[in-house]
Amino acid sequence: MQLYNTLSAEERAQLIDEAGKERLTLSFYAYAKIEDPKKFRDELFIAWNALDALGRIYVATEGINAQMSVPADQFEAFRDTLEVYDFMKGIRLNVAVEQDNHSFLKLTIKVRNKIVADGLNDDTFDVTNKGVHLKAQEFNDMLDDPNTIVVDFRNHYESEVGHFEGAITPDVENFRESLPIINDQLQDFKEDKNLLMYCTGGIRCEKASAYFKHQGFKNVYQLEGGIIEYTRQIKEEGIKSKFIGKNFVFDHRLGERITDDIISQCHQCGKPCDNHTNCANDACHLLFIQCDDCKAAMENCCSTECLETIHLPLEEQVAQRKGLQVGNKVFRKGKSDALKFKHSGDLSTQPLAQATAKPETKDIRQKIKVKKTLIGKAEHYYSKSKIAQFLIENKELSVGDKVLISGPTTGDQEITITQIHVNGGPCETAKVGDQITFELPFRVRLSDKLYKIVQA
C-alpha cells in the first residue's frame, strides 16, 4: 500500500487549481502516550491521503503536532478521522486567519523523538503540571497588569514581524535555546510576578509552562491556542488586538496579517516591510525580509553573491553545490552580514507603516505559474557519461524545446534541449512511446518528471 507522496509540489498545485475547490489551512497538537508511533503514522497517512489532506505532521511517543491543508468540503470527514482516537476527541483545530489553497502541497508525516525539539528531559519534571490557560480577553487583561511579565516563545524571525505589546522577544534561533535564556533573565521574579507566555499555536507553551513551574515560578499563564486562536477570538468578540503586526507561519505563505501595522524593515534597504522570502540561490535559501523593490532588483536573492550565482550556467551552479547539504537550508534562520537592516532581540511595537492592501500570495519557489505539459518520466541516469534517459508518454519533444525536470530531490531544473537520441540514435523529434537520452549536468531520479515548457 502506498504510504508516501508520488506527486511533486508543482504537480499537486496544478491539480488543486484544476479541481477549483477551496481548502482550509489549519493546525493542531496533542500530547498523549502513543505506544507505536510508526503504526499511528501509517494509519493517519492512509486516512488523510484518501481525503486529499496535505501538510507537515510530526508524531512521537509523546503525541502529535500538525500543520495541514484540508479541502473545505472534507473538513468534517477530516475531523472524524481524529475522533477515532480518544486523545483527539473534541480537539481544537486552529484554522488560519488567511487562507491559501497552496499552503501545503505534500502530505508528510514523520516519526520523531519529540513533536517539538525542546531539548528537555521530560523525566526530570511533571510535564502535565502546566500553566493556566487564558482566553483572548483574559490575556489582554493580564497584559495590563503591571505585575505581569510577558514572554514570546518563538524565534527571532517570527517575533520580528509581529509580537504582543511589551513582550520579551529572545534573540534565539529555536525554542530549545530560549528556555535557559529566559529562565536566567527572570530569576528575580519567580515569586511575585505573573509569567505570561505565548507562541504561534500553543504547543511550545504547553511544555514551557510546565518547565518554568518546575523551575520555581509560582504564577505561570499561557495563551490558549496561541496567536492563531487569539486572533479568531478577538475578531469574533470585537476585542482590541494587543498583538501588533504579522504572525509568522511555517507554510509557504510565511505569514498572516493580524493588524495593519508594519513594525519591521526590508533587510536590504530598510524600507518598512514584513514580507519574508527565501533566497532564490539553491545553495542558500536564506530566510529574510525583502520589499518588492529589492525583490525585483535582487531577483529574490539575499546578496550580490547569490544574485551572481543564479545567473551562472546550470552546470556551474550544480558544481558549486556539490558536497553541500542544501536541502535542509530552506527556512534557514535569517541572519547574515549581507542583511544590513536585520533586527532581533529587543524589538519595538512602534509601527513604521500601515499595510494598505493584502499582499499577493507568493508562488512556490516562483515555479507554479510556469505553463507546462507533462510529457514523460525519468528511467535512468548514466553517471559516467552524464546521460539521462526518459520515456515519452505524452505529446512530442523536439530539439530546441525548453523543458523542466522536476522531482522531490532534484527540485526544478530548466534546460533547453540541444541534442537528443531516440531509441539509440540521434533524432530531431521524439514521439509518444520513444525512449530518449540526452546529456544533463545533474543526476535524475526515477521520481523525476519531464515537462515541456509552453510559456514562462
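Odds and ends about this structure:
- Per the conditions (1) at pLDDT 85 or above; (2) open to solvent by less than 40 Å² (accessible area, probe 1.4 Å); (3) not in a helix (DSSP H, G or I), the sole criterion not satisfied by Leu312 is (2).
- Listed by position, the strands (runs of 3 or more DSSP E) enclosed by segment 398-456 that each have at least 3 residues that are among the aliphatic types (A, V, I, L, M) are 402-407, 449-455.
- Looking only at residues of segment 212-259 that are within 30 Å of Leu286 (Cβ to Cβ) and among the hydroxyl-bearing types (Ser, Thr, Tyr), we find that the one that is most open to solvent (accessible area, probe 1.4 Å) is Thr259.
- Failed item in (1) closer than 17 Å to Val97 by Cβ; (2) open to solvent by 20 Å² or more (accessible area, probe 1.4 Å), with Met298 passing the rest: (1)
- Contacts under 8 angstrom Cβ, first residue in segment 415-435 being in contact (Cβ under 8 Å) with a residue 40 or more places away in the chain, partner open to solvent by 90 Å² or more (accessible area, probe 1.4 Å) and small (Gly, Ala, Ser), 6 or more apart: none
- Residue count for segment 323-358, restricted to those that are surrounded by 16 or more Cβ atoms within 10 Å (Cβ to Cβ) and modelled with pLDDT under 50: 1
- Matching residues, segment 33-45, being closer than 13 Å to Val84 by Cβ and either modelled with pLDDT under 95 or open to solvent by less than 30 Å² (accessible area, probe 1.4 Å) (or both): Phe40, Leu44
- One residue stands out among those in segment 46-85 that are open to solvent by less than 40 Å² (accessible area, probe 1.4 Å) and among the β-branched types (Val, Ile, Thr): the one that is nearest to the chain's Cα centre (by Cα), which is Ile57.
- Qualifying residue in segment 303-322 (condition: touching a residue at least 24 places away in the same chain (Cβ under 8 Å) and within 19 Å of the chain's Cα centre (by Cα)): no
- Out of Leu44, Leu82, one residue alone is closer than 27 Å to Lys135 by Cβ, not in a strand (DSSP E or B) and not charged (D, E, K, R). It is Leu82.
- Of residues in segment 380-398 being open to solvent by less than 50 Å² (accessible area, probe 1.4 Å) and modelled with pLDDT of 90 or more, the one farthest from Val454 (Cα to Cα): Ile387
- If the condition is being touching a Gly at 6+ places or on another chain (Cβ under 7 Å), more than 14 Å from Glu11 (Cβ to Cβ) and modelled with pLDDT under 85, then segment 404-456 contributes only Arg445.
Every residue, every condition in (1) touching a residue at least 12 places away in the same chain (Cβ under 8 Å); (2) open to solvent by 40 Å² or more (accessible area, probe 1.4 Å); (3) out of contact with any strand residue (DSSP E or B) (no Cβ under 9 Å at 6 or more places or on another chain), yes or no:
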| residue | (1), (2), (3) |
| --- | --- |
| Asn94 | yes, no, no |
| Asp100 | yes, no, no |
| Thr108 | yes, yes, no |
| Leu120 | yes, no, yes |
| Asp123 | no, yes, yes |
| Asp126 | yes, yes, yes |
| Val132 | yes, yes, no |
| Glu138 | no, yes, no |
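- Any chance Leu450 is aliphatic (A, V, I, L, M) and surrounded by 16 or more Cβ atoms within 10 Å (Cβ to Cβ): yes
- Residue list for segment 194-233, filter: part of a helix (DSSP H, G or I), under 15 Å from Val151 (Cα atoms) and within 19 Å of the chain's Cα centre (by Cα): Ile203, Arg204, Gly226, Ile227
- Whichever residue in segment 261-317 is among the aliphatic types (A, V, I, L, M) and in contact with a Cys (Cβ under 6 Å, 6 or more places away or on another chain) and, among such residues, is nearest to Val444 (Cα to Cα): Ala280
- Matching option when the condition is without any contact (Cβ under 8 Å) to a residue 60 or more places away in the chain and surrounded by fewer than 22 Cβ atoms within 10 Å (Cβ to Cβ), among Glu165, Glu177: Glu177
- Residue ID - farthest from Arg321 (Cα to Cα), chosen from residues in segment 402-431 that are under 41 Å from the mean Cα position of the chain (by Cα) and among the acidic types (Asp, Glu): Glu414
- Summed over segment 423-447, the residues that are hydrophobic (A, V, I, L, M, F, W, C), open to solvent by 20 Å² or more (accessible area, probe 1.4 Å) and either in contact with a Lys or Arg (Cβ under 9 Å, 6 or more places away or on another chain) or closer than 15 Å to Glu393 by Cβ (or both) give a count of 2.
The values are calculated or read from the model by the stated rules, or taken from the named source; none is laboratory data. From a predicted model like this one, the values you see are computed outputs, not experimental measurements. Neighbour counts are summed over all protein chains in view; Cβ atoms, including those assigned to glycine, are modelled from backbone coordinates with ideal geometry. Remember, those area values only see protein heavy atoms, side chains included, never the ligands or the DNA or RNA. Shrake-Rupley method; radii C 1.70, N 1.55, O 1.52, S 1.80 Å.
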